[in-house]
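A quick write-up on the structure given underneath.
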Amino acid sequence: MDFDKLIAIDMHTHAEVSCWNPFDNYGEEYDRAADKYFKNGRRPTIEETVAYYRERKIGLVMFTVDAESKMGRRRIPNEEIAEAAQKNSDMMVAFASVDPHKGKMGAREAERLIKEYGVKGFKFHPTVQGYHPYDRMAWPIYEVINAYQLPAIFHTGHSGIGSGMRCGGGLRLEYSNPMHLDDVAIDFPDMQIVMAHPSFPWQDEALSVATHKPNVWIDLSGWSPKYFPKQLVQYANTLLKDRVLFGSDYPLITPDRWMKDFEDAGFKPEVMPGILKGNAMRLLGGARPAA
């Protein structure tokens, strides 16, 4: 990334539409429920998303979510996102997603994506992938990420996916309790763990884990900042100011809306540049905060 030319770095954007594979409408009811929950039905292509961010001079980290074993739905190819990042390397970074149920084969894929496609991190969503983050089934993939000292974003807290569906679409919220990442942070100290979203209803657990483990970060995606819990803002202004990251959850929430609401959410002026860009620069560049 050409950090000097960017005004911010969005650590949390989704690839929603593949231009390589035909649309997989299996499980489309989850999309409709999410559209209703977030009041947003827009699903741009990767190219459209890149153009949107380039116009705003905002860098972005993009990923898909591989939940093929749980959801039965074909993922968007990691390679498609990685190639887009290679073509837009001045302002885009690709993270990959590999279903933890793929075990050692998943670990082989993760290493191939790092070596051959230059992916810079990974994304996990325990609720839709149907696993506890501490489950040793996922250890082979974590071992690869740890060996390359890359970051991994984990969804935490409530999920808009499945919200309002009969039985919540069969998705278990408990998988995304941030306390489940405590074991992961201990066993993989060189994997930088990013807890995505205000972790409702476990915000205090998330703050505890992040405060205790120096390889744990928090991204602020998925909510408008005006709805952030007070204690999250308090810790972002103090103890965790060097490990809190701007993320929007685009296209579900736009960076325009997020950044507008961020101005009035109670963050100290001196910590705002770090949240918007500086902390992400260190995370993506390999620099680590002091223990």
For region 232-281, give me each residue that is β-branched (V, I, T), assigned to a loop (DSSP other than H, G, I, E, B) and within 30 Å of A51 (Cβ to Cβ). I253, T254
S159: surrounded by fewer than 23 Cβ atoms within 10 Å (Cβ to Cβ), outside any helix (DSSP H, G or I) and at pLDDT below 95, yes or no? no
Single match in Y117, Y134, Y37 (criterion: aromatic (F, W, Y), more than 23 Å from M195 (Cα to Cα) and surrounded by fewer than 20 Cβ atoms within 10 Å (Cβ to Cβ)): Y117
Go through (1) in a loop (DSSP other than H, G, I, E, B); (2) of a type in the set (A, V, I, L, M, F, W, C); (3) in contact (Cβ under 8 Å) with a residue 12 or more places away in the chain; (4) surrounded by fewer than 22 Cβ atoms within 10 Å (Cβ to Cβ) for F23 and report which single condition fails. (3)
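Yes or no, residue by residue, for (1) touching a Pro at 6+ places or on another chain (Cβ under 7 Å); (2) of a type in the set (K, R); (3) over 18 Å from H155 (Cβ atoms):
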| site | (1), (2), (3) |
| --- | --- |
| I9 | no, no, yes |
| N25 | no, no, yes |
| Y37 | no, no, no |
| P44 | yes, no, yes |
| A51 | no, no, yes |
| G59 | no, no, yes |
Please determine, by comparing only the residues of region 102-148 that are in contact with a strand residue (DSSP E or B) (Cβ under 8 Å, 6 or more places away or on another chain) and assigned to a loop (DSSP other than H, G, I, E, B), which one is nearest to A185 (Cα to Cα). P133
Among the candidates K230, K226, which residue alone is touching a helix residue (DSSP H, G or I) at 6+ places or on another chain (Cβ under 7 Å), farther than 26 Å from I114 by Cα, surrounded by fewer than 17 Cβ atoms within 10 Å (Cβ to Cβ) and of a type in the set (K, R)? K226
Cβ-Cβ distance below 6 Å, separation of 6 or more or different chains: which pairs start in region 138-157 with a residue that is touching a residue at least 40 places away in the same chain (Cβ under 8 Å) and farther than 21 Å from F200 by Cβ and end on one that is among the acidic types (D, E) and surrounded by fewer than 18 Cβ atoms within 10 Å (Cβ to Cβ)? N146/D190; Q149/D190
Against the condition surrounded by 21 or more Cβ atoms within 10 Å (Cβ to Cβ) and of a type in the set (V, I, T), how does I218 come out, does it pass? yes
Where a residue in region 180-194 is buried (at least 18 other Cβ atoms within 10 Å of the Cβ) and its partner, wherever it lies, is assigned to a loop (DSSP other than H, G, I, E, B) and of a type in the set (K, R), with Cβ under 6 Å and at least six apart: A185/K213
Top-ranked residue of region 45-66 - restricted to ones that are farther than 30 Å from A107 by Cβ and charged (D, E, K, R), ranked as surrounded by the most Cβ atoms within 10 Å (Cβ to Cβ): R56
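The values are calculated or read from the model by the stated rules, or taken from the named source; none is laboratory data. Everything numeric here is computed off the predicted structure, so don't read it as measured data. Quick reminder, even Gly has a Cβ in these numbers, built from the backbone with ideal geometry, and neighbours come from all protein chains shown.
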